[in-house]
Amino acid sequence: MYEDFYGYCMSVALRFGDSREEAKEIVHDAFLKAFAKLDTVLSENSFKPWLRRIVVNTSIDYYRRRPEEIYHLDVVEIDTEDTTEDALQRLSAEDIFRAIEQLPRAYRMVFTLHAVEGFKHEEIANKLGISVGASKSNLSKARVKLQKLLADMSEIREAGNG
């Protein structure tokens, strides 16, 4: 089971961890938790989502161990620029993941929980120990920073091809 799902779990953990080493630690801890609670899986079909949830929650645990990095901002409104579809079309999925990895830890955590994992701001606030306003603010700031990073990557790619 470990060998079959290690790559899948790493792909989830890499979105949250600051480094490949931290992602490996998250995955190992997640598997320990999964093995301890293996009898709670309802069916074979529910195993993969169940395991993903364990990896996500283990990532959150790692994040919460470093409280000095949690942003407690309550500012919600931020002006954002529209990113053109043309710019996004010139980028690969790898470019987008690379841009997400460049976000500050707090922004990356909230962005990934909300945009990728589908958590609501109330759930994120509860899990990370921040206010709902801080969750919304971090998401908004993450989007602004991502738009800038993606626009910069697109310009670099366009300059290289032009």
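Computed from the Kirkwood radius of its Cα pairs, the Stokes-Einstein diffusion coefficient for the stretch 113-157 at 20 °C and 1.002 mPa s stands at 187 µm²/s.
Legend: residue pairs 37/120; 24/48; 24/141, Cα-Cα distance threshold 24 Å; pairs beyond threshold, 37/120; 24/141. Over all other residues within a Cβ to Cβ distance under 14 Å of residue 28, the charged ones net out to -3, with Lys and Arg as +1 and Asp and Glu as -1. The residues neighbouring residue 113, those whose beta-carbon lies less than 11 Å from its own, together hold a net charge of +2 under the Lys/Arg +1, Asp/Glu -1 convention.
Excluding residue 102 itself, what net charge comes from residues whose Cβ is under 14 Å from its Cβ, given Lys and Arg +1 and Asp and Glu -1?
Spelling it out: positives minus negatives among the neighbours equals +3.
FYI, it's all coordinate maths here, none of it is from the lab. Note that the coordinates shown come from a computational prediction; the quantities given were computed from them, not determined experimentally. Glycine gets a Cβ as well: all are built from the backbone with ideal geometry, and neighbour counts include every protein chain shown.
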